[in-house]
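Okay, structure first, notes after.
The values are calculated or read from the model by the stated rules, or taken from the named source; none is laboratory data. Keep in mind that what you see is a predicted model, and the values were worked out from it rather than measured. Cβ placement follows ideal geometry from the backbone for every residue including glycine, while neighbour counts extend to all protein chains displayed. Surface areas here come from the heavy atoms of the whole protein model, side chains and all, with no ligands, DNA or RNA. Shrake-Rupley method; radii C 1.70, N 1.55, O 1.52, S 1.80 Å.
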Amino acid sequence: MSKTIKTMIDPDDAVMLLIDHQSGLFQLVADMDMLTLRNNVSALAKVAHLGKIPTFTTASVPDGPNGPLIPEIHKYNPDAVYIPRTGQINAWDNPKWVEAIEKTGRKTLLIAGTLTSVCMAFPTLSALAAGYKVFNIIDASGNWSKMATEITLARVVQAGAMPIDTYAVLAEIMSTWNRADAMEFATVMVDHIVPHYRLLMESYDKAQSVEKVGHETTLDLLDTGKDSEATQAGKRGMQPAGMTR
């Protein structure tokens, strides 16, 4: 779908970078609900695994107050590769991080990081300078204030990055419903991003069931001993007296 569109994600050229999603840093997030952020990061881990997209993670001094990576990432994406770094604030300053990305041969980076204005922004600016196409997944990044997020967005967009949300990433990687694992993508949607979508799925499943096995409930007409005027009119294909079409 997106191979000829520079502003869309080509799954065959993409690398997922999940940077510093750490328990300590999550406590600083004030521009979105923490549970929403955690769900979005979990969704990205699952989507990258489903889409067979190389995924790299890293953490900033996890032995210190920034804390460990949230465990969901590697639980939901066992193929993700963790690359430790030696104190660099900008993950791109770690040679092993850049080397791992270069070895994929891919040039599109999907970057999410906490905090947005540092852990997401700094590697983004470095990657853009190195010639990569970058999508910033804003609702899976989290920042210490909404103002800081707005400033950061202006900064990375002017540098050439493209902001995107988690649902859009899922949809572009999924690309089509005509695939064997389509319902696995749909499950990620309802489990982590749009839980209300489950209502649509339940309604659809019920409609399919009725089509195959019929209605589960039989409704009986009230027996009054004689048909009402409306029922009689219905039988004649007419409107009851006083009613107009």
**Prompt:** In segment 65-88, which residues are part of a helix (DSSP H, G or I), of a type outside the set (Phe, Trp, Tyr) and surrounded by 13 or more Cβ atoms within 10 Å (Cβ to Cβ)?
**Reply:** 72, 73, 74
**Asked** residue 135 is checked against (1) under 18 Å from residue 28 (Cβ atoms); (2) in contact with a strand residue (DSSP E or B) (Cβ under 7 Å, 6 or more places away or on another chain); (3) of a type outside the set (Val, Ile, Thr) and fails just one. What number does that condition carry?
**Response** (1)
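How many residues are open to solvent by less than 40 Å² (accessible area, probe 1.4 Å) and part of a helix (DSSP H, G or I) when one looks only at segment 40-53?
Residues flagged as open to solvent by less than 40 Å² (accessible area, probe 1.4 Å) and part of a helix (DSSP H, G or I) within segment 40-53 amount to 9.
So that you can scan it fast, the table gives a plain yes or no per residue for (1) open to solvent by less than 40 Å² (accessible area, probe 1.4 Å); (2) closer than 22 Å to residue 35 by Cβ; (3) modelled with pLDDT of 95 or more:
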residue	(1), (2), (3)
169	yes, yes, yes
172	yes, no, yes
178	no, no, yes
195	no, yes, no
199	no, yes, no
206	no, no, no
209	no, no, no
220	no, no, no
227	no, no, no
**Prompt:** With respect to residue 108, is the statement that it is under 24 Å from residue 172 (Cα atoms) and touching an Asp or Glu at 6+ places or on another chain (Cβ under 7 Å) true?
**Reply:** yes
**Request:** Out of the residues in segment 134-158 that are among the charged types (D, E, K, R) and under 21 Å from the mean Cα position of the chain (by Cα), state the one that is surrounded by the most Cβ atoms within 10 Å (Cβ to Cβ).
**Result:** 139
**Prompt:** Within segment 163-210, restricting attention to residues that are aromatic (Phe, Trp, Tyr) and in a helix (DSSP H, G or I), which residue is farthest from the chain's Cα centre (by Cα)?
**Reply:** 204
**Prompt:** Among the residues of segment 12-39, which ones are within 12 Å of the chain's Cα centre (by Cα) and either open to solvent by 10 Å² or more (accessible area, probe 1.4 Å) or of a type in the set (D, E, K, R) (or both)?
**Reply:** 36, 38, 39
**Request:** State the number of residues belonging to segment 89-128 that are open to solvent by 40 Å² or more (accessible area, probe 1.4 Å), over 15 Å from residue 57 (Cβ atoms) and in contact (Cβ under 8 Å) with a residue 12 or more places away in the chain.
**Result:** 7
**Request:** Identify all residues within segment 180-192 that are aliphatic (A, V, I, L, M) and open to solvent by 40 Å² or more (accessible area, probe 1.4 Å); write none if there are none.
**Result:** 180, 183
**Asked** Does residue 53 qualify as being among the hydrophobic types (A, V, I, L, M, F, W, C) and more than 21 Å from the chain's Cα centre (by Cα)?
**Response** no
**Item:** Residue within segment 54-62 that is among the aromatic types (Phe, Trp, Tyr), in a helix (DSSP H, G or I), modelled with pLDDT of 95 or more and surrounded by 20 or more Cβ atoms within 10 Å (Cβ to Cβ) present
**Value:** no
**Asked** If you scan segment 44-57, which residues turn out to be small (Gly, Ala, Ser) and closer than 15 Å to residue 69 by Cα?
**Response** 45
